[in-house]
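S.K.: Got a structure for you, written out below as structure tokens; questions coming shortly.
The values are calculated or read from the model by the stated rules, or taken from the named source; none is laboratory data. Quick caveat: nothing in here was measured; it's all calculated off a predicted structure. In this analysis, Cβ positions are derived from the backbone assuming ideal geometry, glycine residues included, and neighbour counts consider all displayed protein chains.
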Amino acid sequence: MMEIVKDEEPQATVVPEFDPNKKYRWTPETKFVLEGAQFATLLNSMRAVLSTEEAQTILAAQRASDELERLLKDAVEQGRAIEIE
């Protein structure tokens with residue numbers, strides 16, 4: 001006896017809908033592709049922000065903070081500073 005098998009109907013693919021009010025996650029390997037105009041917008045925006053006097057002050061403060069952390073690390077490793085328990 002032969003059985004007639006019908007092709008299954010293709011299942012509809014559910015496409016997620018973006019909601020800017022929600023938070024999203026992705027893996028470190030997830031790729032985000034920029035077009036030239038998008039890249040230029042981001043690059044020029046970053047350059048404009050980082051060229052301000054305020055940004056330069058903040059970047060200098062970050063470098064100073066990094067140096068202080070390095071000095072503290074050295075002091076701990078050499079026994080000149082000890083952990084508070």
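S.K.: Would you be able to tell me the number of residues in segment 26-56 that are among the β-branched types (V, I, T) and surrounded by 10 or more Cβ atoms within 10 Å (Cβ to Cβ)?
M.R.: 3
S.K.: A64 versus (1) at pLDDT 95 or above; (2) outside any helix (DSSP H, G or I); (3) among the aliphatic types (A, V, I, L, M): which is the lone unmet condition?
M.R.: Answer for A64: the failing condition is (2).
S.K.: Residue under question is A81, and the condition is that it be more than 28 Å from F32 (Cβ to Cβ) and not in a helix (DSSP H, G or I); does it hold?
M.R.: It is true that A81 is more than 28 Å from F32 (Cβ to Cβ) and not in a helix (DSSP H, G or I).
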